[in-house]
Amino acid sequence: MQRDKIDKRYRWDLSAIIASDSEWEKRFDSFNKSYQKVTEYDGKLDNAKTIKQALDLLCELSCELEKLTTYAHMHKHEDSKVDKYAGFADRVTALGAEFSATTSFVAPQLSRLEQSFLK
């Protein structure tokens, strides 16, 4: 059965995550341009204020990446014959790997802090 023949009530409503493909593209481009901001905290995670700012930014970016990823992969799994969504999924997977590499400094720097400071 073709997807467009299935009653809408039985299909995923991905607009609850991201409104449209054009909105996904816009948000993907925005994320791609902004995620490097987290590197401003590299080597500076030594006080509570800076750590909170870095972790807030990291959480905000991670949530956005999760939405981009979910939208792309769920669309891809709706119909694997649609190249457009396979492309979305490939692009966001690559971006996720770049984001992970870019933010890899956070955990080691936090783990070097004294336990008493972290409490």
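Of all the criteria given as (1) closer than 22 Å to Ser111 by Cβ; (2) assigned to a helix (DSSP H, G or I), the one not satisfied by Leu45 is (2).
Of all the residues in the stretch 62-83, those that are at pLDDT 95 or above and of a type in the set (Lys, Arg) number 1.
Here Lys8 fulfils each of the conditions (1) exposed (fewer than 10 other Cβ atoms within 10 Å of the Cβ); (2) at pLDDT 95 or above apart from (2). Candidates are the residues of the stretch 1-35 that are among the polar types (S, T, N, Q) and free of Cβ contacts under 8 Å to residues at least 40 places away in the same chain; the one that is farthest from Val82 (Cα to Cα) is Ser34.
Residue by residue, here is whether (1) among the acidic types (Asp, Glu); (2) in contact with a helix residue (DSSP H, G or I) (Cβ under 9 Å, 6 or more places away or on another chain); (3) open to solvent by less than 60 Å² (accessible area, probe 1.4 Å); (4) modelled with pLDDT of 95 or more holds:
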{"site": "Leu14", "(1), (2), (3), (4)": "no, yes, yes, no"}
{"site": "Ser30", "(1), (2), (3), (4)": "no, yes, no, yes"}
{"site": "Lys33", "(1), (2), (3), (4)": "no, no, no, yes"}
{"site": "Gln36", "(1), (2), (3), (4)": "no, yes, no, yes"}
{"site": "Thr50", "(1), (2), (3), (4)": "no, yes, yes, yes"}
{"site": "Gln53", "(1), (2), (3), (4)": "no, yes, no, yes"}
{"site": "Glu60", "(1), (2), (3), (4)": "yes, no, no, yes"}
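The values are calculated or read from the model by the stated rules, or taken from the named source; none is laboratory data. Since the model is a prediction, treat every value here as computed from it, not as a measurement. Glycine gets a Cβ as well: all are built from the backbone with ideal geometry, and neighbour counts include every protein chain shown. These accessible areas exclude ligands, DNA and RNA; they are computed on the full protein's heavy atoms, side chains included. Shrake-Rupley method; radii C 1.70, N 1.55, O 1.52, S 1.80 Å.
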